[in-house]
Amino acid sequence: MIQLSHIGETLLAQMLSDSESVRNSLFGGFVSSSQPNTFVPELRLNKCGAVDFDGVHKIDVAALCPETGICYPIEVKMGFDRLGRNEFEKRFLGECGTSHGNTRVKGSMISILEGKLPQPCKGQVLTVSWQGQQFTVSPLWVLVARKSVTKKWKASKAPRLSSNCHVIDFEHLVEVYGSAHEFNLLVGRLINVDFFTKWQCGT
């Protein structure tokens with residue numbers, strides 16, 4: 001069965017594309033520039049100075065503003081497990097290093113967005129490219145997580161994320177998107193796959 005975590009990035013990108021209310025909820029008061037108008041799931045980071053990123057180093061949802069050339073990164077965590085403060089910090093907030101003879105960045109995407117870059121990347125501007133245009137990755141970024149996770153953070157202690165990170169509940173974005181029926185229609189659009197063609201079942 002398809003889980004939310006399987007389509008979370010694509011789903012959020014489409015919600016942002018569809019709904020001004022979702023865009024305002026996610027970005028309102030957080031960024032000062034004009035609203036992004038292109039939302040691309042799983043966009044890989046460009047090379048950083050002399051080092052490259054792994055294939056896993058992708059922005060979950062890149063909010064691209066062609067007018068300013070800025071990319072506002074959105075990290076999506078749709079799970080419930082191993083997201084308490086201590087485990088979160090251990091998994092996602094360590095300093096990045098290098099591998100493959102100091103030619104590749106090693107570390108979590110959240111650490112990268114938090115600026116915990118290895119020495120070869122220090123002072124370098126992170127960029128992504130989309131349809132022939134290069135975008136500068138903003139130091140301001142958004143973390144979308146499930147409400148039960150953020151509720152526990154508020155009740156005890158939240159991970160030590162910087163002030164550049166804005167945390168928002170996924171359930172809140174679903175609520176402002178519309179009714180349960182509208183949400184179900186959206187999910188149906190995204191997972192409506194032609195398996196006959198995909199699996200090459202024709203003769």
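So LEU93 fits all but one of (1) in contact (Cβ under 8 Å) with a residue 40 or more places away in the chain; (2) in contact with a strand residue (DSSP E or B) (Cβ under 8 Å, 6 or more places away or on another chain); what number is the exception?
Here LEU93 clears every test but (2).
Of all residues being in contact with a strand residue (DSSP E or B) (Cβ under 7 Å, 6 or more places away or on another chain) and of a type in the set (Gly, Ala, Ser) in region 130-149, which is nearest to THR98 (Cα to Cα)? Just the residue, please.
SER138
Can you pull out the residues in region 147-163 that are in contact (Cβ under 8 Å) with a residue 24 or more places away in the chain and surrounded by fewer than 19 Cβ atoms within 10 Å (Cβ to Cβ)? Full working, then the answer.
First, the residues of region 147-163 that are in contact (Cβ under 8 Å) with a residue 24 or more places away in the chain: 147-149, 152-153, 156-162.
The answer is LYS147, SER148, LYS152, TRP153, SER156, LYS157, ALA158, ARG160, SER162.
Of the residues GLY69, GLY79, only one is out of contact with any Pro (no Cβ under 9 Å at 6 or more places or on another chain), in contact (Cβ under 8 Å) with a residue 60 or more places away in the chain, under 18 Å from ARG146 (Cα atoms) and loosely packed, with under 15 Cβ neighbours inside 10 Å; which?
Values: GLY69 fails: under 18 Å from ARG146 (Cα atoms).
Testing whether each residue is out of contact with any Pro (no Cβ under 9 Å at 6 or more places or on another chain), in contact (Cβ under 8 Å) with a residue 60 or more places away in the chain, under 18 Å from ARG146 (Cα atoms) and loosely packed, with under 15 Cβ neighbours inside 10 Å leaves just GLY79.
Looking at GLY49 and the list (1) over 22 Å from ALA158 (Cβ atoms); (2) over 12 Å from the mean Cα position of the chain (by Cα); (3) crowded, with 17+ Cβ neighbours inside 10 Å, which single condition is not satisfied?
Only one criterion in (1) over 22 Å from ALA158 (Cβ atoms); (2) over 12 Å from the mean Cα position of the chain (by Cα); (3) crowded, with 17+ Cβ neighbours inside 10 Å is unmet by GLY49, namely (3).
Residues that are aliphatic (A, V, I, L, M), at least 2 per element: which helices (runs of 4 or more DSSP H) completely within region 144-203 meet that? Lay out the reasoning, then the answer.
Values: elements: 147-155, 170-177, 180-190, 195-198.
So the answer is 147-155, 170-177, 180-190.
Suppose the filter is assigned to a strand (DSSP E or B), touching a Gly at 6+ places or on another chain (Cβ under 9 Å) and either on the phi < 0 side of the Ramachandran plot or free of Cβ contacts under 8 Å to residues at least 24 places away in the same chain (or both); does GLN124 pass it? Spell out the reasoning first.
Numbers: assigned to a strand (DSSP E or B): no; touching a Gly at 6+ places or on another chain (Cβ under 9 Å): yes; either on the phi < 0 side of the Ramachandran plot or free of Cβ contacts under 8 Å to residues at least 24 places away in the same chain (or both): yes.
So GLN124 fails the test.
Read the figures in this text as sums done on the coordinates, not as results from a lab. Just so you know, these numbers come straight off a predicted model, no measurement behind them. Here the Cβ is made from the backbone with ideal geometry for all residues, glycine too, and neighbour counts use every protein chain on show.
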